[in-house]
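Peer 1: Below is a structure I'd like to ask you about.
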Number of protein chains: 4
Amino acid sequence: MRSDAPGRAPGRDPRAGAELPVQARLLAVASSLFAERGFAQTSVQDIVERAGVTKGAMYHYYSAKDDLLQEIYTRLLDLQSRRLAGIADGGGPAAERLRAAAADVVVTTLDHLDDAVVSMRSMHMLPESRQAAVRSGRRRYHERFRALVEEGQQAGELRPEVSADLVVHQFFGGVHHLGTWYRPDGELRPEEIGRTFADLLLRGLAIG
Amino acid sequence: MRSDAPGRAPGRDPRAGAELPVQARLLAVASSLFAERGFAQTSVQDIVERAGVTKGAMYHYYSAKDDLLQEIYTRLLDLQSRRLAGIADGGGPAAERLRAAAADVVVTTLDHLDDAVVSMRSMHMLPESRQAAVRSGRRRYHERFRALVEEGQQAGELRPEVSADLVVHQFFGGVHHLGTWYRPDGELRPEEIGRTFADLLLRGLAIG
Amino acid sequence: MRSDAPGRAPGRDPRAGAELPVQARLLAVASSLFAERGFAQTSVQDIVERAGVTKGAMYHYYSAKDDLLQEIYTRLLDLQSRRLAGIADGGGPAAERLRAAAADVVVTTLDHLDDAVVSMRSMHMLPESRQAAVRSGRRRYHERFRALVEEGQQAGELRPEVSADLVVHQFFGGVHHLGTWYRPDGELRPEEIGRTFADLLLRGLAIG
Amino acid sequence: MRSDAPGRAPGRDPRAGAELPVQARLLAVASSLFAERGFAQTSVQDIVERAGVTKGAMYHYYSAKDDLLQEIYTRLLDLQSRRLAGIADGGGPAAERLRAAAADVVVTTLDHLDDAVVSMRSMHMLPESRQAAVRSGRRRYHERFRALVEEGQQAGELRPEVSADLVVHQFFGGVHHLGTWYRPDGELRPEEIGRTFADLLLRGLAIG
DNA sequence: AATGAATGAGATTTCATTCAT
DNA sequence: TATGAATGAAATCTCATTCAT
């Protein structure tokens, strides 16, 4: 996906041989391949071939194919959690913080589209044991976002009668769906999409 | 998921032995298992075991495991396409037809949640050759929905400056996301969710 | 080992192609190879090659390589348990039943030397979970044998001051050791070895 | 096994960090692990981890994993050969030297139970090339022991009609079997077991 | 004397699919 | 209409060993 975009910054092509240290290169390649063909359809062989190392090297750094998936997932979730915290815990009216957070998660998602696609599509391929950690992280993220909506409702800035939970689910559905249709070489810029999504969300919650 | 709900109409338990003819039973079982564990994690053996037949029987009705997936997908898409046509081609203001269509697709999705979950999660597991048909169907559906939005915009019922494409993508993201959080034994009824989603959509597009 | 003996009954060469049904053939081949090179040194590939089938066939009948080992072990233990019961539960002086049982287990072991070698050498390669069943069977066997010694001691036929447990351990050590030195084409016949072993055992326990 | 016994002399815990020089520590750890889980089930990684060094260090001292096994084997066999020579070449009636040698090998075996267990269980894991040396050592040991029996028979101290070879095989079977049942924290002391084993052996060979 | 990243060969196992019956 | 034994290809993972430092 994104890796096919023209004009990418140099040194970020996961197909290349040696710009990144082996460990990071493996992760980049894995993310790109998982996004492209799916986790189950990507063999360890595929990954190491494109990364230009051997299987042994991969298992030196990651103890299982699952590890790569979890790492990808965690990396993105951590990033987004940090950004959300930074915005939500800032100052100003809750509604405006919500708008900023909504636009930001869209942009961040589009900036890490491979990771995002992998996260939403392939997380359920992890064994139950590993899903637990991942799910609780995702839940915390959702909770923080919902709390922001509720804060706005309690402050009288947003319509109180609509279920914050439902709104947040609906909104994040749209975010998760981005990978299905967004093309980096299309007309729409991430910021524009972020603004529109945030606008739709806020209008849905607006009073009057 | 839904198929495990208590109080279900008799004859719909895919685990049972003989209420449905073998062919339909296989499809029901497959949908249930694919939704539960994912396509790749479900073996043909799993399917025929739960359906109470042997592999030979399955290959008598379906020429490949992929067939089951495509069938599930097509079945749901056809149903939703028919319903959308019925609503969108009806009379009345475009905005009201849009509201009805939006609410309806939510309810229909929740009523066939296994199929829906499978469709969004596992479609990309089909080989490219089979994905073409599926994708074009999905695109036609999206187009029809978008046309309805644009009709409302041209009629002056909806805000014209927002990208109909973007709105529709955002909305269907929410619909596809339903499978990740909706629980049939939770508090929210499908109709209520449909109404809320439709309401959020319409407010996002409302004038003024 | 035994499978190299000249004059073996026809149709028992596990290397041959089709005298036995596939399942039994796999077990025979496995026993022969495990005895020859050890469990860990024998690959599934080795087994199926010599049995003239494919790996898939093996996994159709045995769910794991471990299964073969356990089957070999159980098969021999069951046989020996039955024979011991038949002799020990018979009539006559305990000392004479002990002599018969001792001679018999030697002969039986030599008659199934591959299985016996595998059992003593490779049992500890089973995962703990599988070893439990196997161990309890082996313990029951040991107990029955020891009870026979104690019966003779209580009847005044055998020296009472020597630990029955120790004697039985010592004796079965000798039996388990047979695989290390016995050659079917050597001078000693199984019956002769059995008689001698039983004689040594009885003299060790004799009164006076 | 023994290495876990409480009250052990200080500096013999193979798990500890630095009481022994690295080379000796590696051997002690290897013996303990091989005895516990078997040679094939113990990875070089396991060994160096427990010894607190890295793989490079191990390969500095031992050129292969096999080396460790052979070293363990040789160490024990050399020890027992020396002791046997000391006893068998001493003075007094052959029968009494035999009794002493028999009791001694039992005690020595129990005092080095890890090594003993490894030796009997895992020797056949060595490649053929390395087994030759080991086997010839073992054979020499067996010969010396058998010669002692024959000496007693020729001197008229022991029954001449029983095969010395067979008796020795039977006896050493019992010795090798010790590792399967002996527990250092059980009731029986090594010396007592040695006495009993020697007694059984001598009674089996006694005249009259 | 020791490190630890990397190799490369091989191991077990899974599974969709076929085919004779 | 259905069986189930058998295939064969591919997948994940393990591990003893090497080598530049």
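Peer 1: Averaging sequence separations of C-alpha pairs under 8 Å and six or more residues apart, then dividing by the length of chain A, give the relative contact order as a whole percent.
Peer 2: Relative contact order here is 25 percent.
Peer 1: For labels at A:E161 and C:R140 in the simple 7 Å Cα→Cβ model, what's the distance in nm?
Peer 2: Placing both labels 7 Å beyond Cα along the Cβ direction yields 7.3 nm.
Peer 1: Residue farthest toward the positive end of the dipole of chain C, with Cβ of Lys/Arg at +1 and Asp/Glu at -1: which of C:P21, C:V53, C:G90?
Peer 2: Checking the options against the dipole of chain C, the answer is C:V53.
Peer 1: State, to one decimal in nm and shortest first, how far the label point of A:P127 sits from each corresponding label point in the other identical copies (label point: 7 angstrom along Cα-to-Cβ).
Peer 2: Copy-to-copy label distances at A:P127, shortest first: 1.0, 3.1, 3.5 nm.
Peer 1: Okay, helix-only estimate at 222 nm for chain D: each DSSP H run of n ≥ 4 adds -39500 (n - 2.57), divide by all residues, round to 500 deg cm²/dmol; what do you get?
Peer 2: Rounded to the nearest 500, it is -23000 deg cm²/dmol.
Peer 1: Report, to the nearest 10°, how far helix D:128-154 tilts away from the longest principal axis of the Cα atoms in chain D, using its own Cα long axis and a range of 0 to 90°.
Peer 2: Helix D:128-154 and the main axis of chain D meet at about 20 degrees.
Peer 1: Which FRET efficiency, nearest 0.05, do A:Q131 and C:V22 yield, Cβ-Cβ r, R0 45 Å?
Peer 2: 0.65
Peer 1: Expressed as a rounded percentage, what relative contact order does region C:84-205 have, with Cα pairs under 8 Å and six or more residues apart?
Peer 2: That works out to 44 percent.
Peer 1: Which one, A:G91, A:G194, A:G173, has the greatest fluctuation when you compute a Gaussian network model over chain A with C-alpha springs under 10 angstrom?
Peer 2: The residue with the greatest mean-square fluctuation here is A:G91.
Peer 1: In region A:115-167, which GluC sites (Glu not before Pro) are in a loop and have at most 12 other Cβ atoms within 10 Å, using DSSP for the loop call?
Peer 2: A:E161
Peer 1: Rounded, prolate or oblate: pick one for chain A, where a ≥ b ≥ c are the square roots of the eigenvalues of its C-alpha gyration tensor, a/c under 1.5 means rounded, and failing that, prolate if a/b is larger than b/c, else oblate.
Peer 2: Because a/c hits 1.5 or more and a/b exceeds b/c, chain A counts as prolate.
Peer 1: How crowded by other chains is D:170-183, given as the mean number of beta carbons from other chains within 10 Å of each beta carbon?
Peer 2: Per residue, the average neighbour count from other chains is 6.
Peer 1: Give the angle, between 0 and 90 degrees and rounded to the nearest 10, that separates the Cα long axis of helix C:94-111 from the longest principal axis of the Cα atoms of chain C.
Peer 2: With both axes taken from Cα atoms, the answer is about 20 degrees.
Peer 1: Using a 10 Å cut-off on Cβ atoms, rank the peptides B:29-36, A:44-51 from the highest mean neighbour count down.
Peer 2: Answer by packing, highest mean first, reads B:29-36, A:44-51.
Peer 1: Follow-up question, since we're still on this one. Using Cα pairs closer than 8 Å and at least 6 residues apart in sequence, work out the relative contact order for region C:15-61, in percent.
Peer 2: So the answer I get is 45 percent.
Peer 1: For the Cα atoms of chain C, what angle does the longest principal axis make with the long axis of helix C:22-37, in degrees from 0 to 90, nearest 10?
Peer 2: Relative to chain C, helix C:22-37 is tipped by roughly 70 degrees.
Peer 1: Next up: Lys/Arg Cβ at +1, Asp/Glu Cβ at -1, dipole of region B:65-205 taken about the Cα centre: which of B:G186, B:Y73, B:G156 is farthest positive-ward?
Peer 2: The Cα lying farthest towards the positive end belongs to B:Y73.
Peer 1: Quick check for me: using +1 on Lys/Arg Cβ and -1 on Asp/Glu Cβ, what's the dipole size of the protein assembly as shown about its Cα centre, in debye to the nearest 20?
Peer 2: The dipole of the protein assembly as shown has a size of about 480 debye.
Peer 1: While we're here: In nanometres, what is the gap between the two model label sites at B:Q45 and D:R82, each 7 Å from Cα along Cα-to-Cβ?
Peer 2: 5.6
Peer 1: Additional query: I'd like the distance between the alpha-carbon centres of region C:38-113 and region A:29-48, rounded to an integer number of Å.
Peer 2: 46
Peer 1: Quick one: C:I87, B:I193, fewest Cβ neighbours within 10 Å first, how do they rank?
Peer 2: Ascending number of Cβ neighbours within 10 Å: C:I87, B:I193.
Just so you know, all these numbers are worked out from the coordinates, no wet-lab data involved. These numbers were taken from a predicted model, which means no experiment stands behind them. Cβ: placed from backbone, ideal geometry, glycine included. Neighbour counts: every protein chain shown.
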